[in-house]
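The values are calculated or read from the model by the stated rules, or taken from the named source; none is laboratory data. In this text, all values refer to a predicted model and were calculated from it rather than measured experimentally. Glycine also receives a Cβ, built like all others from the backbone with ideal geometry; neighbour counts cover every protein chain displayed. Heads up: the accessible areas ignore ligands, DNA and RNA and are worked out on the full protein's heavy atoms, side chains in. Shrake-Rupley method; radii C 1.70, N 1.55, O 1.52, S 1.80 Å.
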Amino acid sequence: MNSAVPAESRSFAGTAAYSRACFRPALLLVEEEAREEELTREIIGRLPGVEVRMLPRADSRTLARLAGECDPRRTLLLARHRGRFFKPCPGTGESYRCCLYQILHLALGCNLGCSYCVLQGYLNTPFITQFVNLNEAFAELDEALAEPGVFYRIGTGEFTDSLFLDPLTGLAPRLIAYFAARENAVLELKTKSVAIAGLLDYPGAIGETIVSWSLNAPSVSRREEGRAASLEERLKAAALCRDRGYRIGLHFDPLLYFPGWEEEYRAIVGRIFDHLAPDDIIWISLGAFRFMPQVRDKLRRNHPHSRITAGEFIPGRDGKQRYFSGIRRRLYRFLVAEIRRYAPGVFIYFCMEDESLWRQTFGYAPADNRELARWLDGCCWRYRRLRPTAERGKPEDGRDG
Amino acid sequence: MLEPESVGMSELVRGMVSTVDFADRAFPFSRGGADAVLVRSLARVGLCQPPLLLPDGRGLRIVSGRRRLEALRQLAAERGEDLEFLYRPVAGEDEGDLFLRTLWENRALREFNLGESAEIYLAAGRCLSRERIERELFPALGIAPRSRLRRRIELTAGLVPELQQLAAAGRLEGEVVELLAAWSPDDQAAVGEFAHRLPVNRNRLREIIVRLDDLARRDRRLPGGWLAAAGEAAAGCAGAAAVEKVRNFLRERLYPHLSAAEAGFAADRERLGLPPGVRLEPPPFFEGDDFRLSFTFTSAAEWRRICHRLNEIDPDLINELCRPR
């Protein structure tokens, strides 16, 4: 499909959507200890003419001072990560069902400027940060994945957009190559961008890498998702990745409740299946908007015209503000019914949702987080191959949508 | 040795209460307000500690000693005569220096709340340069540059006078000030009028302002419009009852689904005909599906009686009560 289209336009490189979302800093802050890292040299090499300023160490005091001197929206910090690269998704908890996702923590922040982004309240650095000590990251992965019989779904898009820095870092192809050679893990790249050139042009085996797009209602995308690619562009990019052999994940997160939400979400669900077939999609997650109370002021300050925090929010059992359950139920039931019209068999799950809402929407609920994790693992071909030896879950527990 | 600053200090002189300019608040370091004990004390032993006053064409401006002078004014009113007192006049001192010196003297005695700090900041603008405010005033108030408190002080200073008064009286929280600062002066004045008219404490006021702000943001409607609508709903009520009506009105508008769920649950619970002393509550905010039943008892017989009554309740009614809302 689309093979007659020149590679450049197929991959969106050079298009308005590409340049809008792709990050081209005016200043590189480089930590002294990161200077000799290979990725640092590559990024500097891809940004000829861009000022490079060395820092002894990217500690919080130094960064706070620099935030007053440099425009955080046009600055990229290259630093060493001194903590764990590989860790459980912070959503993990027992008050709401969580899928036991794992995070590969390679970067912090992004430039898309979504009004609802909870990172606005979490990040303690003013600058978009790329960690460059990749050897340590891969060594940590090697160690974790060496554990026999354990299957991992791993994403890089928890604290950043997985692809928006890719034209500068070229990281996605490296990760794809790494995970393609691993039997007991799949990589999920989550994005709202169309920076897929590295994915399409990657010449090797892509294994079971999943490329996922976050989707929303059209007006939400226009009003609240800053420099993110349009929904149409995202879906076209998804189709191109599907053509290259990637499996596609879709995430309706955060779902917002607003006048006219039914028509708008119906429209975007319909558009999905103009571009993708049900079998192209490994999973679709749904998550109604939620945020820590202390993040609210920040969201409002950063996006004074946004109305998203003025909804009917109640304190959830995890301390987060959530839509009243009746509203969430309406959102979920509607979305599930719409998706099922086109794709009755696709696996749909909730991100951090109450067990009772699972039952009220689907008629069943995972007994615990491990069961939800097994259902999602079961969507992955590799997990199926691993079944006979996998310790985590019995074969019959796998629920294939 | 540390010498006291003696600039402007002079011999005590006599003045009359009627010549004190109580309206002047160029040195706003005291809220004033004479209490009965102070008035009685003055009546008994006189004004022992002379206030510091700045004579000018309009009369004697109060630099320090406002509470004592207000008590003296009250005593004069009670006695129906002007009263003479001793004060220390300030002359020949730069007003900015005097302002900062007095601030430091007061700062040693007490903390200033947000509204008071804002009033001091506003007053400082009339006698200190921008540079001195940055270099001397904020450090004297113990406020770091670019701090949130500093921003809130500046925002408070920009509110309408009615709200500044509320802030100075400690009835407006900093978080609320940030919301109000984004409102129009008319909307601010509407809240100020409401808070002055009705007995609404700091927490209630915060809740009402946050809800007004949420509703205004959600519906693109002015907060003052919502407050007027809430006021109409409370027509005919007075005092605390009116405040409750306003609160409920705003809550129902902001949480229509939750309010409907609560009302529906209450009606379903009523239909169960629970025995006296039995409490049945939904999950907090209807989050999850764990309902809570509790009762008190004093004996096995009472226990059995309550359980018997509970077991007789129609299961369909219980299922109806437990349905998702």
Practice problem: Whole number in Å², please: accessible area per residue of segment B:92-206, 1.4 Å probe, ligands, DNA and RNA not counted. | Solution: 47 Å²
Quiz item: When Rg is the radius of gyration of the Cα atoms in segment B:44-107 and Rh is its Kirkwood radius, what does Rg/Rh come to?
Solution: 1.01
Practice problem: Just need log10 I(q)/I(0) for segment B:233-325 at q = 0.11, 0.20, 0.22 Å⁻¹, Debye formula, equal scatterers on the alpha-carbon atoms, no solvent, rounded to two decimals. | Solution: -0.46, -0.98, -1.07
Practice problem: Can you list which of the trypsin sites (Lys or Arg not before Pro) found in segment B:39-140 are DSSP loop residues with at most 13 other C-beta atoms within 10 Å? | Solution: B:Arg58, B:Arg110
Quiz item: Quick one: what Rg and Dmax do you get for segment A:138-184 from the alpha carbons, in Å?
Solution: 11.9, 35
Practice problem: Could you give me the percent of Cα pairs per 10 Å distance bin for segment A:56-152, shortest bin first, beginning at zero and ending with the bin that holds the maximum distance? | Solution: 13, 37, 33, 15, 2, 0
Self-check item: segment A:257-330 versus segment A:106-185: alpha-carbon centroid distance in Å
Solution: 24 Å
Practice problem: Treat segment B:184-285 as a sphere of radius equal to its Kirkwood radius over Cα pairs and apply Stokes-Einstein at 10 °C in a medium of 1.306 mPa s; give the translational diffusion coefficient in µm²/s, rounded to a whole number. | Solution: 105 µm²/s
Practice problem: Compute the semi-axes of the equivalent ellipsoid of segment A:187-234, taking the square root of 5 times each eigenvalue of the Cα gyration tensor, and list them largest first in whole Å. | Solution: 25, 11, 7
Quiz item: Among the residues of segment B:214-257, which ones have their accessible area go down by 30 Å² or more when all the protein chains sit together, as opposed to their chain alone (1.4 Å probe)?
Solution: B:Asp214, B:Arg217, B:Arg218, B:Arg220, B:Tyr255, B:His257
Quiz item: If you roll a 1.4 Å probe over segment A:208-364 with all protein chains in place, what percent of the accessible area is carbon or sulfur?
Solution: 49 percent
Quiz item: Carbon and sulfur together cover what percent of the accessible area of segment A:45-149 at a 1.4 Å probe radius?
Solution: 52 percent
Quiz prompt | Hydrodynamic radius of segment B:1-160 per Kirkwood, over alpha carbon pairs, in Å | solution = 16.9 Å
Quiz item: Can you give the calculated 222 nm mean residue ellipticity of chain B, where each DSSP H run of n ≥ 4 adds -39,500 (n - 2.57) and the sum is split over every residue, rounded to the nearest 500 deg cm²/dmol?
Solution: -16500 deg cm²/dmol
Self-check item: Two-decimal log10 I(q)/I(0) for segment B:76-176, as the Debye equation yields it once each C-alpha is a single scatterer, q = 0.11, 0.13, 0.24 Å⁻¹
Solution: -0.42, -0.56, -1.25
Quiz item: Once the Cα gyration tensor of segment A:183-334 is found, what semi-axes does its equivalent ellipsoid get, as square roots of 5 times the eigenvalues, in whole Å, sorted largest first?
Solution: 30, 16, 16
Quiz item: Going by a ≥ b ≥ c, the root eigenvalues of the Cα gyration tensor, does segment A:53-92 fall in the rounded group (a/c under 1.5), the prolate group (a/b larger than b/c) or the oblate group?
Solution: prolate
Quiz item: Using alpha carbon centroids, what distance separates segment B:51-113 and segment A:34-69, in Å?
Solution: 57 Å
Quiz prompt | Whole-angstrom Cα spans of chain A along principal axes, big to small | solution = 57, 49, 46
Quiz item: Quick one: which of A:52-59, B:83-90 comes out on top by average Cβ neighbours within 10 Å, and what's the full order, highest first?
Solution: B:83-90, A:52-59
Exercise. Kindly give Rg over Rh for segment A:263-324, based on alpha-carbon atoms, with the Kirkwood expression for the hydrodynamic radius.
Key: 1.12
Self-check item: Solvent-accessible area per residue for chain A (1.4 angstrom probe, square angstrom)
Solution: 39 Å²
Quiz prompt | Relative contact order, percent, chain A [alpha-carbon distance under 8 Å, six or more residues apart] | solution = 18 percent
Quiz item: What per residue convex hull volume, in Å³, do the alpha-carbon atoms of segment A:222-296 yield?
Solution: 115 Å³
Quiz item: Which aspartates and glutamates have a Cα less than 12 Å from the Cα of A:Lys192, not counting those fewer than 8 places away in the same chain?
Solution: A:Asp161, A:Glu225, A:Glu232, A:Glu233, A:Asp253
Quiz item: Counting only Cα, what are the radius of gyration and maximum Cα-Cα distance Dmax of segment A:120-208, in Å?
Solution: 13.8, 40
Practice problem: In vacuum, with every alpha carbon of segment B:244-284 counted as one equal point scatterer, what does the Debye formula give for log10 I(q)/I(0) at q = 0.15, 0.19, 0.32, 0.34 Å⁻¹? Two decimals, please. | Solution: -0.47, -0.67, -1.04, -1.10
Exercise. Indicate the residues belonging to segment A:320-336 that lose 30 Å² or more of solvent-accessible heavy-atom surface (probe 1.4 Å) upon moving from the chain alone to the assembly of all protein chains, ignoring ligands and nucleic acids.
Key: A:Phe324, A:Ser325, A:Arg329
Quiz item: What is the Cα radius of gyration of chain B over 2.2 N^0.38 Å, N being its residue count?
Solution: 1.45
Quiz item: Which whole-percent values make up P(r) of the protein assembly as shown when all C-alpha to C-alpha distances are grouped in 20 Å steps starting at zero?
Solution: 14, 36, 30, 16, 4, 0
Quiz item: What total accessible surface area, summed over both chains, is buried at the interface between chains B and A, computed with a 1.4 Å probe and given in Å² to the nearest 100?
Solution: 2200 Å²
Quiz item: Short version: which residues of segment B:281-314 lose at least 20 Å² of accessible area, all chains versus chain alone, 1.4 Å probe?
Solution: B:Phe285, B:Phe286, B:Glu287, B:Gly288, B:Asp289
Self-check item: Listed residues B:Gly125, B:Gly46, B:Gly170, most fluctuating in chain B (Gaussian network, C-alpha, under 10 Å)
Solution: B:Gly46
Quiz item: What's the carbon and sulfur percent of segment B:143-263's accessible surface, probe 1.4 angstrom, rounded to a whole number?
Solution: 52 percent
